[in-house]
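Student: Have a look at the structure that comes next, please.
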Amino acid sequence: MKLTSIVGAILCAEVALGARFTEKRRERAAQRASKRALSRTSLPKIAADDGVLETFETGNETAHVDYSTNWAGAVLIGSGYKSVTATFVVPTPSVPSGGSSRTEYAASAWVGIDGDTCQTAILQTGVDFYAQGSSVSFDAWYEWYPDYAYDFSGITISAGDTITITVTATSTKAGTATVANKSTGKTVTHTFSSQSAALCETNAEWIVEDFSSGNSLVPFADFGTVTFTGASATTSSGTVGVSGATILDIKQNNKVLTDCSTSGSSTVQCTYTG
């Protein structure tokens with residue numbers, strides 16, 4: 001009888017301890033979301049200080065690699081881009097080699113219209129990845145730059161989930177952002193209307209970003225590899241793939257942190273190299 005009471009007490013203590021940990025995680029998530037809502041922004045592409053543009057041959061095509069302090073991925077430069085989409089599997093982010101377990105590191109995968117050669121506005125949506133110590137978390141968000149990014153409610157994201165992200169411009173000042181979690185069957189959409197900043201519709205992007213919080217870029221997470229599949233953009237003339245896109249890699253403090261490439265007409269892959 002005494003043993004049963006002791007076991008019962010231990011189980012109750014474990015449940016209570018687990019509940020407290022769960023509550024603390026919720027509190028941290030709420031605090032991060034509150035802070036992020038006030039300051040998290042995906043910025044237009046920032047050119048690396050050296051402004052180097054490299055050209056190399058890939059099979060029968062010529063690829064151009066541009067270096068940026070905040071964008072990695074692929075950008076099409078043209079006109080009349082109305083919609084951009086892609087699918088990717090959510091990676092498990094981690095603290096980069098030599099990083100601190102006390103610091104929160106982050107990265108973001110998104111698709112968008114404008115922000116490269118046209119920097120007056122960006123219509124974009126995607127998923128943020130966070131890592132602190134051994135803890136990871138994820139947020140789905142939407143943004144019409146220069147306004148801040150806002151989290152979607154009603155959707156959960158986990159490592160390993162298959163996510164399809166899409167932005168559509170219904171005019172230069174209106175459109176939609178959609179995140180569909182194919183693993184859970186949940187889809188969320190935000191509709192923009194009468195935005196103050198107008199799109200140029202001259203850039204289509206598939207990006208992994210070191211985004212901004214407050215007045216500086218966040219500590220950049222080791223995101224492993226993000227592979228955008230089914231990557232395409234719709235123009236007034238039809239649908240196009242990523243062939244001929246400019247490749248972007250993140251370069252900070254004279255160190256290249258990513259290795260991005262395209263393959264076929266619909267795949268963009270970025271790997272963290274640190």
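Student: Being within 30 Å of ARG102 (Cβ to Cβ) and of a type in the set (Ser, Thr, Tyr) narrows it down to one residue among THR168, THR172, THR189, THR156; which is it? I'd like the intermediate steps shown before the answer.
Tutor: On the way: THR168 fails: within 30 Å of ARG102 (Cβ to Cβ); THR172 fails: within 30 Å of ARG102 (Cβ to Cβ); THR189 fails: within 30 Å of ARG102 (Cβ to Cβ).
None of the other options fit; the residue is THR156.
Student: Could you run through segment 187-218 and say how many residues are under 14 Å from LEU123 (Cβ atoms) and either of a type in the set (Gly, Ala, Ser) or without any contact (Cβ under 8 Å) to a residue 24 or more places away in the chain (or both)?
Tutor: 8
Student: Here's another thing I want to ask about it. Right, THR229: among the hydroxyl-bearing types (Ser, Thr, Tyr), assigned to a strand (DSSP E or B) and in contact (Cβ under 8 Å) with a residue 24 or more places away in the chain or not? Can you show your working first?
Tutor: On the way: among the hydroxyl-bearing types (Ser, Thr, Tyr): yes; assigned to a strand (DSSP E or B): yes; in contact (Cβ under 8 Å) with a residue 24 or more places away in the chain: yes.
So THR229 passes the test.
Student: From the list THR239, THR184, pick out the single residue that is free of Cβ contacts under 8 Å to residues at least 40 places away in the same chain and either in a strand (DSSP E or B) or buried (at least 18 other Cβ atoms within 10 Å of the Cβ) (or both).
Tutor: Numbers: THR184 fails: either in a strand (DSSP E or B) or buried (at least 18 other Cβ atoms within 10 Å of the Cβ) (or both).
Result of the check over THR239, THR184: THR239.
Student: Give the number of residues within segment 193-216 that are in a strand (DSSP E or B) and either among the charged types (D, E, K, R) or at pLDDT below 95 (or both). Explain how you work it out, then say what you get.
Tutor: Step one: filter segment 193-216 for residues in a strand (DSSP E or B), giving 203-209, 212-213, 216.
After this cut, where a residue has to be either among the charged types (D, E, K, R) or at pLDDT below 95 (or both) as well, the list is 205, 209, 212-213, 216.
Within segment 193-216, residues that are in a strand (DSSP E or B) and either among the charged types (D, E, K, R) or at pLDDT below 95 (or both) number 5.
Residue by residue, here is whether (1) within 25 Å of THR271 (Cα to Cα); (2) in contact with a strand residue (DSSP E or B) (Cβ under 8 Å, 6 or more places away or on another chain); (3) of a type outside the set (Val, Ile, Thr) holds:
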site	(1), (2), (3)
PHE88	yes, yes, yes
SER101	yes, yes, yes
GLY112	yes, yes, yes
ILE122	yes, yes, no
TYR150	no, yes, yes
ILE157	yes, yes, no
THR164	yes, yes, no
GLN195	no, yes, yes
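Student: If we scan segment 116-130, do we find a residue that is among the hydroxyl-bearing types (Ser, Thr, Tyr) and surrounded by 18 or more Cβ atoms within 10 Å (Cβ to Cβ)?
Tutor: At the first step, the residues of segment 116-130 found to be among the hydroxyl-bearing types (Ser, Thr, Tyr) are 117, 120, 125, 130.
Filter once more, keeping what is surrounded by 18 or more Cβ atoms within 10 Å (Cβ to Cβ): 125, 130.
Yes, segment 116-130 contains a residue that is among the hydroxyl-bearing types (Ser, Thr, Tyr) and surrounded by 18 or more Cβ atoms within 10 Å (Cβ to Cβ).
The values are calculated or read from the model by the stated rules, or taken from the named source; none is laboratory data. What you are looking at is a predicted structure, and each value in this text was computed from that prediction instead of being measured. Here the Cβ is made from the backbone with ideal geometry for all residues, glycine too, and neighbour counts use every protein chain on show.
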